[in-house]
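A short reminder: the numbers here are calculations on the coordinates, not readings from a lab. Quantities reported herein were computed from a predicted structural model and do not represent experimental measurements. FYI the Cβ positions are ideal-geometry reconstructions off the backbone, even for glycines, and counts take in every protein chain you see.
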Amino acid sequence: MIELFFVTCLISDPQRCTEHSLLFEERNGLFTCLLEGQNELARWVAAHPDDHVVEWKCRRPETGDTQI
């Protein structure tokens, strides 16, 4: 599995941030996360108009080590 880890903050209160995680099957490794992750982030932002993404990365969830 590959994890898309991202942090969002409220637009009205930029100091109020939340960590999120989505998991992908490791079909093509980190490449899948990089391509599909952007689409998932766009869908997430469209569904949560009061938040904005301030950071995102793809990593292996068992280690938490950043890969990209």
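So here's what we get for this one:
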quantity: The chain - mean residue ellipticity at 222 nm from DSSP helices (-39,500 (n - 2.57) per run, n ≥ 4, rounded to 500); calculated: -9000 deg cm²/dmol
quantity: Degrees separating the helix 30-47 axis from the principal Cα axis of the chain, which is the longest one; calculated: 20
quantity: Among (i) 45, 17, 15; (ii) 51, 21, 17; (iii) 37, 22, 14, the entry that matches Cα extents along the principal axes in Å as calculated here; calculated: (iii)
quantity: Relative contact order for region 2-59, counting Cα pairs under 8 Å that sit 6 or more residues apart, in percent; calculated: 51
quantity: Label point distance in nm, LEU35-LEU10, each placed 7 Å from Cα along Cα→Cβ; calculated: 3.8
quantity: CYS9, CYS58 arranged by Cβ crowding within 10 Å, fewest neighbours leading; calculated: CYS9, CYS58
quantity: Sequence-distant residues sharing a close amide H with ARG60 (under 5 Å, placed H); calculated: GLU3, ASP65, GLN67
